[in-house]
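The values are calculated or read from the model by the stated rules, or taken from the named source; none is laboratory data. Since the model is a prediction, treat every value here as computed from it, not as a measurement. Reconstructed Cβ throughout: ideal geometry from the backbone, glycine too, with neighbour counts over all protein chains shown. For accessibility, only protein heavy atoms count, side chains too; no ligands or nucleic acids. Shrake-Rupley method; radii C 1.70, N 1.55, O 1.52, S 1.80 Å.
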Amino acid sequence: MAVLGIDIGGSGIKGALVDLETGEMLTERHRIKTPAGRTPDDMAEVVHQIIKHFDYKGKVGCGFPTVIKKGVCKSPGNLDKSWLNLNVEELLEKKTGLDFTVINDADAAGYATMTYGIGKGEEGLVVMITIGTGLGSGAFLDGRLIPNFELGQIPYKKYKKIELWAAASAKEREELSFEEWGERFNKFLKYVDLIIAPDLIILGGGTSKHFDKFKEYITIDTPVIPAELRNQAGIIGAAAATLHKAPKV
């Protein structure tokens, strides 16, 4: 069964057709740069362009880069403030005429990793952290999703949220070395370890492919491993949500 998965990010919006039995992507991902204003109408148009690219007519799964409750955006995150309290599913359905399942993007990445990837069969509290424009996080207890576990929103010193200081976007913006950024990311992981004491942390997002360049700066006792699916996980997990009905609360 092929379903279109779309991963909405702060820098790019990506989509691909996914085989829900195997979790494999059936096409190359199609990526369009996220519009500069990150407004609902502009971003919905990009989603529509991706659907037209694949000439797709079925159900669509979509990962969204902030808290989603019953299809509604509860925090604008790194997007335009007009997203707040907007029903994302209704917006995209109206724009495209297709049925959408929208979940938090880190939940989607974690869902893919726990269903098809390295997290499959892992018990206890497993946290998936996606490193990108922000720091997304998805939590799973004995394989079951705990939705909207947004650890990147923790305030830190002068920063409203720690992801402004420790995400990959901060590394790029401040031109940090992997050592400098790795020490920041390790500080974030120390807070995660202190607050929720997970049994395993899995890293996703594009930066996870450089794990060998910063793993030596991670000093927490909890095991930290890169996800095999990496930046494909958001697309795969979003597509899978249409079938497996990831919880919406």
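Results, tabulated for the structure shown:
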| item | result |
| --- | --- |
| Top-ranked residue of segment 15-54 - restricted to ones that are under 17 Å from the mean Cα position of the chain (by Cα) and open to solvent by less than 30 Å² (accessible area, probe 1.4 Å), ranked as modelled with the lowest pLDDT | Gly23 |
| Residue within segment 166-176 that is in contact (Cβ under 8 Å) with a residue 24 or more places away in the chain and either surrounded by fewer than 16 Cβ atoms within 10 Å (Cβ to Cβ) or in a loop (DSSP other than H, G, I, E, B) (or both) present | yes |
| Filter result for Ile195 (loosely packed, with under 15 Cβ neighbours inside 10 Å, within 21 Å of Phe149 (Cβ to Cβ) and within 20 Å of the chain's Cα centre (by Cα)) | no |
| Pair list, Cβ < 6 Å and 6+ apart or interchain, from segment 201-218 residues that are open to solvent by less than 10 Å² (accessible area, probe 1.4 Å) and part of a helix (DSSP H, G or I) to residues that are of a type outside the set (S, T, N, Q) and at pLDDT 95 or above | Phe214/Phe178; Phe214/Gly182 |
| Lone unmet requirement of (1) more than 23 Å from Leu135 (Cβ to Cβ); (2) open to solvent by 60 Å² or more (accessible area, probe 1.4 Å); (3) in contact with a Cys (Cβ under 8 Å, 6 or more places away or on another chain) for Leu84 | (1) |
| Selected residue [within 30 Å of Gly143 (Cβ to Cβ), of a type in the set (Lys, Arg) and either open to solvent by 30 Å² or more (accessible area, probe 1.4 Å) or at pLDDT below 95 (or both)] from Lys94, Lys57, Lys70 | Lys70 |
